[in-house]
Amino acid sequence: MLTVYVASQAPWHDSLTAAIKVMPDVLLIGHSISLHQALQECATDHPHVFVLDDALLVENLALCDSVAALPYARVLFGSGTDPQTTRRALRIQAQDLLPLETWQTALPAVLHRAYLAQYPHAPGRIVAIFAPKGGVGKTTLSLNLAVALAQHSHQPTALIDGDVQSGNLHSMIRQDPPFTLGDLTRDTDLLSPQRIAQALTRIANQVYFLSAPRHPEEAEWIHPQHLPQIMETLQTAYPTIVLDTSTTYSDLTITVLDAAHTILLLGTPDILTLRKISQALTLFRDALHYAPSKVRLIINRYNTLAGVTPADIAQYLQYPVYAVLPSDGVTPVQALNHGQPLVTASPQSALAQAIQALAQDLLRDTPRESDVIIGLPSRFAHPRRKSWWPRKFSRLLRRNL
């Protein structure tokens, strides 16, 4: 969805906001009759397009440079025949001019032209987080990674709870969204962009959330084709879509994994989980034929006291470790108890910093050809040293993988 903020004087304010609210593929995220207030609100929640009334700009000419420096698209609403209006549009470096004389018919095209001028069109990237075993921190990573991606990209990120039978992302943030995947898909196979836009709930700065159904039985309303439809619509306005998946290999899960550009395969450094990871890697390679660059192995809750290094894990799985997230004691639990993402509640914690580093790496999309350790304090990063994993445990792991 294309997001819009409107700053306009009273005579046009209601008409502009009402027209934008009913547009498909467009989400009005705020409006004000004060330019100062508008700039303050947009500083924390960037719209794709900022629509500014020329009459309001005339009253605040001292703010022209501030408007010109905004990192998002600007549209000036004013007379299309007045040379002074055109000069002011150039002064604030507006991407387009919405002519006062024909604004109702010109509005959709102007908004989309401005958006495409500021953001060269490229479909949003879908990052699916999958774990073949529960209890390894998949949902915690999904929430915090979405927030971190929004922080570093300064662009909106969509977060979808795709665990349709037992998803609990909404509980982690202590919110009961008015709409869920169940509400969105009930009694319909036609998911309009406007219907999808209305189902999203803002849960953090630049993070918009679509919750799993409230009750497990509502999962029956969600067909395998629904989530790809939703994600395809969201790709037009969200540079990144983070999807928390189920731990099962259901048709729905496989469908969304197929649609994803990147799969973060999450596990912990214990024998049972690593065996499940090995099975998942075999399935992805031999049955689903995913390219190695699509599946990135993340080791969570890493602790040197466990006696196993990321290099050990990569060796026995015969697959590179893309990133390691350290064990961080009670810090994640404290953030959960407060209903806040860890990366905002405790940004200096070891785990929060590792997730921030992971987000930055995904945004750079740096190819990886060998074992990689990112986001770890120096005391954790020793993948090249000789393994001190006990030999007996090594033999046991080899037999079970």
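The values are calculated or read from the model by the stated rules, or taken from the named source; none is laboratory data. What you see is a predicted model; the values in this text were computed from it and never measured. Note: ideal-geometry Cβ built from the backbone for every residue, glycine included; neighbour counts use all protein chains shown. Areas reflect the complete protein model, heavy atoms only, side chains present, ligands, DNA and RNA absent. Shrake-Rupley method; radii C 1.70, N 1.55, O 1.52, S 1.80 Å.
Any chance region 124-137 includes a residue that's more than 30 Å from L252 (Cβ to Cβ) and without any contact (Cβ under 8 Å) to a residue 60 or more places away in the chain? For region 124-137, residues more than 30 Å from L252 (Cβ to Cβ) and without any contact (Cβ under 8 Å) to a residue 60 or more places away in the chain: absent. Only a single item in (1) among the hydroxyl-bearing types (S, T, Y); (2) touching a Cys at 6+ places or on another chain (Cβ under 8 Å); (3) more than 21 Å from L234 (Cα to Cα) is not met by S79, and it is number (2).
Any residue at all in region 195-206 that is more than 29 Å from Q334 (Cβ to Cβ), touching a residue at least 40 places away in the same chain (Cβ under 8 Å), part of a loop (DSSP other than H, G, I, E, B) and not small (G, A, S)? Within region 195-206 (the criterion being more than 29 Å from Q334 (Cβ to Cβ), touching a residue at least 40 places away in the same chain (Cβ under 8 Å), part of a loop (DSSP other than H, G, I, E, B) and not small (G, A, S)), the answer is no, since none of the residues qualifies.
Filtered by the rule that a residue be part of a helix (DSSP H, G or I), in contact with a helix residue (DSSP H, G or I) (Cβ under 8 Å, 6 or more places away or on another chain) and within 21 Å of V295 (Cβ to Cβ), region 124-158 gives T139, T140, L141, S142, N144, L145, A148, L149. Cβ separations smaller than 7 Å between residues 6+ apart or across chains give the following pairs from region 336-350 residues that are in contact (Cβ under 8 Å) with a residue 40 or more places away in the chain to residues that are surrounded by fewer than 19 Cβ atoms within 10 Å (Cβ to Cβ) and not hydrophobic (A, V, I, L, M, F, W, C): G339/R174; L342/T331. Among the residues making up region 49-106, those that are free of Cβ contacts under 8 Å to residues at least 12 places away in the same chain and of a type in the set (S, T, N, Q) are Q84, T86, T105. Considered as a group, the residues in region 1-60 that are buried (at least 19 other Cβ atoms within 10 Å of the Cβ) and charged (D, E, K, R) include one that is farthest from the chain's Cα centre (by Cα), and that residue is D54. Annotation note: Cβ proximity below 6 Å between a residue of region 138-157 that is closer than 10 Å to A359 by Cβ and a residue that is among the hydroxyl-bearing types (S, T, Y) and buried (at least 24 other Cβ atoms within 10 Å of the Cβ) (sequence gap 6+ or interchain) occurs for A146/T157; L149/T157; L149/T240; A150/T157; T157/T240.
In the condition set (1) open to solvent by 10 Å² or more (accessible area, probe 1.4 Å); (2) over 26 Å from T3 (Cβ atoms); (3) at pLDDT 90 or above, G267 is compliant with all but (1).
Residues of region 273-327 that are without any contact (Cβ under 8 Å) to a residue 40 or more places away in the chain, surrounded by fewer than 20 Cβ atoms within 10 Å (Cβ to Cβ) and within 23 Å of the chain's Cα centre (by Cα): Y290, A291, P292, K294. H289 meets the conditions (1) of a type outside the set (K, R); (2) at positive phi; (3) touching a helix residue (DSSP H, G or I) at 6+ places or on another chain (Cβ under 6 Å) in every case but one. The failed one is (3). Residues in region 87-109 that are in a helix (DSSP H, G or I), among the polar types (S, T, N, Q) and open to solvent by less than 60 Å² (accessible area, probe 1.4 Å): none. Collect the residues in region 328-346 that are open to solvent by 50 Å² or more (accessible area, probe 1.4 Å) and within 18 Å of the chain's Cα centre (by Cα), keeping them in residue-number order. Q340, T344, listed by residue number.
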